[in-house]
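Novice: Have a look at this one before I ask anything.
The values are calculated or read from the model by the stated rules, or taken from the named source; none is laboratory data. None of these values were measured; they are calculated from a predicted model. Please note: Cβ atoms are built from the backbone with ideal geometry, for glycine as well, and neighbour counts cover all protein chains shown.
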Amino acid sequence: MKRNILCGLLAAAALAVPAQAARPIPVQVDGEPLETKAYVEQGVTYVPLRDLLEHIGGWEVWWDHQTKTAAAVSGETRLSANPDANTVTVDGDVYAARVAVINGRTYLPLRQVIEALGGYAKWDPWMGGAAATTAEASHDAMDIYWLARIISAESGGEPLKGQIAVGNVVLNRVDCEDFPDTIPEVIFDRVDVIQFEPVENGTVYQKPSALSKEAARRVLDGENVVGKAMFFYAPALSEGVWINDNRKYQETIGCHRFYL
């Protein structure tokens, strides 16, 4: 059996957070929160194997009493976790990883499992937890997670076109050298002033609507209804003095005015 020790040390599994005592944290996979307990310890994020794989979908997970390992299968992919040896095996490749059994649940390092299955994981400082993107995902987990939330917070009462337009503004800013280079950084940009009211009032952290999730997916797939607009405001909520004085008006969609 081929043995591949992934960097040899548990530190290789760490997400980019300081070493610390175990504490609970949120985890999201492909933009959807994992509805279970996860924790970070010494910079490593641990998740229950069954909950993670069932959240991803298409996996059968069980405890093998004969080998005393957690086992899982999805199509032709097979995974097992051995708490005695502290190893995770995926299709014959063996990775060194701490395997913890806590109250009958098998916890594994999130990054190692996701990477062994072809995806990747990152620390999300704005969520205060970990974001995992699976190999089958169409979009980065952090991008879809935050884009759906800012769309919902800014335009959750608007029809689909109005919500797509708000998402377009975010992506237009990502492409502009005057703004940060990623979707979360644009949303939480504070270089001059807070750019989006939901960041200040906290509504950006609320669960997005199904329509806002659909709008975010369409925006990330390239759908654009507002051209190169990079600013907007709702006249019912703001006078938009600076925008009107400094930016060129383009069009009105729903309750928002959009500007280049």
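Novice: Being surrounded by 14 or more Cβ atoms within 10 Å (Cβ to Cβ) and farther than 29 Å from residue 33 by Cβ is the filter here; which residues of region 56-81 pass it?
Specialist: Within region 56-81, no residue meets the criteria.
Novice: Look at residue 202 and say whether it is at negative phi and at pLDDT 95 or above.
Specialist: Here the answer is no, as residue 202 does not meet what is asked.
Novice: Let me confirm something: among 14, 19, which residue is at pLDDT below 95, hydrophobic (A, V, I, L, M, F, W, C) and surrounded by fewer than 14 Cβ atoms within 10 Å (Cβ to Cβ)?
Specialist: 19
Novice: State yes or no: is residue 154 touching a Gly at 6+ places or on another chain (Cβ under 7 Å), of a type in the set (Asp, Glu) and surrounded by 20 or more Cβ atoms within 10 Å (Cβ to Cβ)?
Specialist: no
Novice: To continue, here is another question. Taking residue 89, is it on the phi < 0 side of the Ramachandran plot, hydroxyl-bearing (Ser, Thr, Tyr), surrounded by fewer than 19 Cβ atoms within 10 Å (Cβ to Cβ) and modelled with pLDDT of 95 or more?
Specialist: In short, no.
Novice: Return the pairs, sorted by first residue and then second, in which the second residue is exposed (fewer than 14 other Cβ atoms within 10 Å of the Cβ), the first residue lies in region 219-233 and is farther than 21 Å from residue 243 by Cα, the beta carbons are less than 9 Å apart, and the residues are 6+ apart or on different chains.
Specialist: Matching pairs, first to second residue: 220/138; 221/138.
Novice: Let me ask something else about it. Where the second residue is among the hydrophobic types (A, V, I, L, M, F, W, C) and in a helix (DSSP H, G or I) and the first is under 17 Å from residue 74 (Cβ atoms) and lies in region 42-55, which pairs have Cβ atoms under 9 Å and are six or more apart or on separate chains?
Specialist: Every condition considered, the pairs that remain are 47/110; 47/113; 49/113; 52/110; 52/113; 52/114; 53/113.
Novice: Could you check, for region 166-186, whether at least one of its residues is touching a His at 6+ places or on another chain (Cβ under 8 Å) and under 20 Å from residue 206 (Cα atoms)?
Specialist: Yes, region 166-186 contains a residue that is touching a His at 6+ places or on another chain (Cβ under 8 Å) and under 20 Å from residue 206 (Cα atoms).
Novice: May I ask you to list the residues in region 92-112 that are surrounded by fewer than 18 Cβ atoms within 10 Å (Cβ to Cβ) and more than 22 Å from residue 34 (Cβ to Cβ)?
Specialist: 92, 93
Novice: Out of 128, 118, report the one residue that is under 27 Å from residue 213 (Cβ atoms) and touching a Ser or Thr at 6+ places or on another chain (Cβ under 9 Å).
Specialist: Answer to the selection: 118.
Novice: Do we have residue 161 as over 21 Å from residue 237 (Cβ atoms), touching a strand residue (DSSP E or B) at 6+ places or on another chain (Cβ under 9 Å) and either of a type outside the set (A, V, I, L, M) or surrounded by fewer than 22 Cβ atoms within 10 Å (Cβ to Cβ) (or both) here?
Specialist: So residue 161 does not fit the description; no.
Novice: Restricting region 180-236 to residues that are out of contact with any helix residue (DSSP H, G or I) (no Cβ under 7 Å at 6 or more places or on another chain) and of a type in the set (A, V, I, L, M, F, W, C), which is surrounded by the most Cβ atoms within 10 Å (Cβ to Cβ)?
Specialist: 234
Novice: Let me ask something else about it. Taking region 225-252 only, how many residues are within 20 Å of residue 149 (Cβ to Cβ) and out of contact with any strand residue (DSSP E or B) (no Cβ under 8 Å at 6 or more places or on another chain)?
Specialist: Counting residues in region 225-252 that are within 20 Å of residue 149 (Cβ to Cβ) and out of contact with any strand residue (DSSP E or B) (no Cβ under 8 Å at 6 or more places or on another chain) gives 1.
Novice: Given the conditions (1) within 23 Å of residue 50 (Cα to Cα); (2) surrounded by 19 or more Cβ atoms within 10 Å (Cβ to Cβ); (3) out of contact with any helix residue (DSSP H, G or I) (no Cβ under 7 Å at 6 or more places or on another chain), and given that residue 118 satisfies all but one, which numbered condition is not satisfied?
Specialist: Of everything listed in (1) within 23 Å of residue 50 (Cα to Cα); (2) surrounded by 19 or more Cβ atoms within 10 Å (Cβ to Cβ); (3) out of contact with any helix residue (DSSP H, G or I) (no Cβ under 7 Å at 6 or more places or on another chain), residue 118 misses just condition (2).
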